[in-house]
Each structure stands twice: as C-alpha cells, then as structure tokens.
Amino acid sequence: MDKTMIDNKAFYKNLITIALPIALQSLMLALVAACDALMLGRVAQIQMTAVSLATQIQFVQNMFLSSATAAGAILGAQYWGKGDKKALENIFNIMLLFCGIVSVLFFLACEFSPQVLMGIFAADKDLIRIGSDYLRIAGWSYLITGVSQCYLTIMKVTERVKAGAAISSAAVVINIIFNAVFIFGMFGLPRMEARGAAISTTIARICELALCLFISAKPSYIRPALSRLFKIPKELFFDFMKQCLPLMGGCLCWGVGFTSYTAIMGHMGVDAAAANSIAAVVRDLVCCMCNGIGSAAGIIVGNELGAGRLELGKKYGLKLKNISFVIGFISTAIVLAVTPIVVGGVILTDQAREYLIWMMVIMSFYMIGRCVNTVTINGVLDGGGDTIFDLYSLVVCMWMIAIPLALCGAFVFHWSPLAVYACTCLDEVGKIPWVMLRVKKYKWVRDLTR
C-alpha cells in the first residue's frame, strides 16, 4: 500500500504562490479587452464590435504561440524540478525560433491583407473597414508578442511568476491609460477611436518586451543562449516537438473553433455580434481564476514528476482535478452575479441587450466545463506530457458536435442567435465525463526528462 502523503499546508501554499500571480497576469490581459470593449462601447456599438472581431486574428496567432510556450512550460517545469539549467536555455532557444517565425507571418498578413482577414468574421462593410484600420496598426504589436511570451513562460516555470505578473500588469496599465488618451482624444490629441486602441496596444507590447529584457538581465534569471541558438541538441528538439505538435493541433482546433463561433455569431447580425463580444469579454475575465490554477497545476505536477516523485505528482494531480470543480461552481455564481452590472454598463440596442442577458445565463453553465477542462487537461494531463488527449477531445466535442450544430442552426434551420450561442457552449460541458475517465488511466504520470 502506498504511503505517500500530501502535506496540505505546503500544497496549498505552493498552489496559491504560483496560481495567484498567473491569475493576476491573465486578469490583467483580459482587462485590456474589457477596457477596449467598454471604451469603444461608449463611442459606438459598431466600433466596439469591429475591434472585437479584429482581435480574433491575434487570438489565432496566440494559438500557435501558446502551443510552443506550453510545450516549453511542460519540459521546462520538469527540467527545473531536475535542476538542469542548460536544458532550460536550450528550450528557451527553441521557443524563440518558433514564436519568431509565427509572429512575422501574422504581422505580414495584417499589414498586407487586413480586409481579407476581416472578411472571415464579418459581412458588414463598415465592420470590415474599421477592423482593417485596426489591424494595420495592431499588426506591429503581433510582431513583438511572440518574443515577450517566451520570456514570460520561462519566468513562470523557474519560480519567477511574480516578476512575470508584474511585467504583464505594467503593460496592461500602460495599455489602458493610452487607450483612454487615444480613443477619446485627450490632452489635445485627435479622437482616434478604433485606431487609438490599436496604437495603445502596440505601445504596451513594446514596453512589455523592454521590461522582459531588463529584468531578465539579472544574473539569477534564465536567458536564451543566443550563441547556441542554432545548435540545439536533437534529442531535446524532438522531445519539444513531441509535446508541441499535439498541443498545436489542440490549440488550432480550439482556436479556429472559437473563431468559427465568433464568425458564425458575426454573420447573425450586428446585435448578436455585439452581445457575443461583450459576453466573450466577461468569459475571459471570469476564466482568469481557472487559468491561474491550470497553469499552476502543470508546474506543480511537472516539478514532482521531473524530480522522479511520480506517486506524489499523481496525488497532486487528483487533488487539483477535484479543486477544478469547486472553481467551476464559483465561476458560475460570479457570471450570474455580474450580469446586471455588465448589461447596464455598455450602450446597446434593446435587442442586443436582451441577447446579452440570456447569453450570460447560458455562459454561467458553460463555465463549469471550462474550469474543469482547463485545470485538468491543460494543467494536470499536460504536466505529465499527456498532450494528445486535448486534441482528441476537441475533434470530437467541438468539431463533430458543437460547430456542425451551430452552423446548421445559423444557416440551415435559421435558429435564434441564443439557440446558436448555446450550441457553441456544448463542447466544454460535454467533455467532462471523458476527461474524468482519462485522468483515471494515469497516462500522464511520467518523467519526461533525459
């Protein structure tokens, strides 16, 4: 009989120490979208909706970046638990190369084909025009984001989560301040509206990268070994790709699926698109708590498995899985509680306001599945290298059930926007039983280090 015991006091202290800064970082990033929506919502509904649709391009870019940084975090957490700093430097190099290529490609697409990109998400000419203007400016921020995300990931897995959270928070504060200045035209500057939001985002990303470089210059921080940038050990590169490719498949399935939801709602009219945009901002804000717990779960489980303490890592994973349900029910209550505040906080048509109220109610149930899956799949399972399951579950639940239902509801059966929105929320709730079965197979209890 196994006698490995969890020190609950030490466990919760470690969880809170890691999760809170990451949750704060996630919250601060979500606040940028929230401020964009609120400020532009005070200008005009169409300005807010166009920017919300345009930022889906960055959302897709983040799916590629997230697959690389998540793979780096999985291997990095285990090698940090093992104490191998040279391997961490090499992992940093791999992430930089991957994220750099992705960032350049998205930058070029935003600069030279913004109308084509906006045409994916909207049919209205004014939405496409406003969104295109936004993308031409914001594209410069997409060029920088990939590099700073690599630095923030390494800080996270090497117990520098507070520094990473401070950098992200500073960038968000800068973004919000410049948002107000440029959107509304303060201090004698012209009123730029959507273009002002793009300028402030770009300035914030420049500041974020500068802070990453400055803080990482300290001797105790892990930095990329640029002298070995193209001399990465083959074994480590293949280990990285073994984690990255399933994650990329999962990220793309989820990211393209989510942007498909946005595109479907965007083609159901300006009112439905506006309500969906506000609901998405609330969702991202409320999900910050489960994002923090999920990232912490991957680091905690990965540290123990990489150090060879497999049984303790297994018990930590099961405990975190149970915690995910608690976070889910708390998130449901929060969504319902803030609904009156959100509905009264933006200028919407009567029809859009009615859509928003019921979307919030539907989303409150969706939050249970979202929290459980974020912590369990992206935290516990990924922490042990079981990255393929996320891809399987997304293909079945999202691409074979939720998206076909939403498409048929919108364009074949002509259902109400609320019924279509409910279809887009089915995938997370439907995955829960399958996820619980996968956890019990313990394929994630593995040491990935060499």
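The values are calculated or read from the model by the stated rules, or taken from the named source; none is laboratory data. Everything numeric here is computed off the predicted structure, so don't read it as measured data. Counting neighbours? That spans all protein chains shown, and the Cβs are built from the backbone with ideal geometry, glycine included. Only protein heavy atoms, including side chains, enter the accessible area calculation; ligands, DNA and RNA are left aside. Shrake-Rupley method; radii C 1.70, N 1.55, O 1.52, S 1.80 Å.
For region 241-254, taking the residues that are open to solvent by less than 20 Å² (accessible area, probe 1.4 Å) and more than 9 Å from L391 (Cβ to Cβ), the one that is nearest to the chain's Cα centre (by Cα) is identified as C244.
Is it the case, given these coordinates, that V173 is open to solvent by 20 Å² or more (accessible area, probe 1.4 Å), under 25 Å from L40 (Cβ atoms) and within 20 Å of the chain's Cα centre (by Cα)? Yes, satisfied.
Remark: pairs (first residue in region 252-273, closer than 18 Å to A50 by Cβ; second residue acidic (D, E) and modelled with pLDDT of 85 or more; Cβ separation under 8 Å; 6+ apart in sequence or on different chains) are absent. Do we have G257 as open to solvent by less than 20 Å² (accessible area, probe 1.4 Å), of a type outside the set (V, I, T), at negative phi and more than 20 Å from the chain's Cα centre (by Cα) here? It is false that G257 is open to solvent by less than 20 Å² (accessible area, probe 1.4 Å), of a type outside the set (V, I, T), at negative phi and more than 20 Å from the chain's Cα centre (by Cα). Only residues that are out of contact with any Ser or Thr (no Cβ under 8 Å at 6 or more places or on another chain), more than 23 Å from A23 (Cβ to Cβ) and part of a helix (DSSP H, G or I) were counted across region 267-294, and they come to 2. For region 16-34, the criterion of being part of a helix (DSSP H, G or I), more than 26 Å from I101 (Cα to Cα), modelled with pLDDT under 80 and small (G, A, S) is satisfied by at least one residue. For region 203-219, the set of residues classified as free of Cβ contacts under 8 Å to residues at least 40 places away in the same chain and open to solvent by less than 70 Å² (accessible area, probe 1.4 Å) consists of I203, C207, A210, A217, listed by residue number.
Of all residues in region 380-401, none that is at positive phi and at pLDDT below 90 has its Cβ atom under 9 Å from the Cβ atom of a residue that is β-branched (V, I, T) and part of a loop (DSSP other than H, G, I, E, B), 6 or more apart or on another chain. Within 17 Å of Q25 (Cβ to Cβ) and in contact (Cβ under 8 Å) with a residue 60 or more places away in the chain - does that describe any residue in region 177-199? For region 177-199, residues within 17 Å of Q25 (Cβ to Cβ) and in contact (Cβ under 8 Å) with a residue 60 or more places away in the chain: absent. Any residue that is of a type in the set (S, T, Y), free of Cβ contacts under 8 Å to residues at least 40 places away in the same chain and under 23 Å from V361 (Cα atoms) - is there at least one of those in region 410-432? Scanning region 410-432 turns up at least one residue that is of a type in the set (S, T, Y), free of Cβ contacts under 8 Å to residues at least 40 places away in the same chain and under 23 Å from V361 (Cα atoms).
Only residues that are of a type outside the set (S, T, N, Q), closer than 30 Å to K440 by Cα and open to solvent by less than 30 Å² (accessible area, probe 1.4 Å) were counted across region 324-348, and they come to 2. In the set (1) out of contact with any Leu (no Cβ under 9 Å at 6 or more places or on another chain); (2) modelled with pLDDT of 85 or more; (3) within 21 Å of A280 (Cβ to Cβ); (4) open to solvent by 30 Å² or more (accessible area, probe 1.4 Å), the condition left unmet by Y12 is number (3).
Within region 295-309, not a single residue is part of a helix (DSSP H, G or I), open to solvent by 50 Å² or more (accessible area, probe 1.4 Å), touching a helix residue (DSSP H, G or I) at 6+ places or on another chain (Cβ under 9 Å) and among the acidic types (D, E). Determine if region 110-129 includes at least one residue that is free of Cβ contacts under 8 Å to residues at least 12 places away in the same chain, among the polar types (S, T, N, Q) and over 23 Å from Q25 (Cβ atoms). Yes, region 110-129 contains a residue that is free of Cβ contacts under 8 Å to residues at least 12 places away in the same chain, among the polar types (S, T, N, Q) and over 23 Å from Q25 (Cβ atoms).
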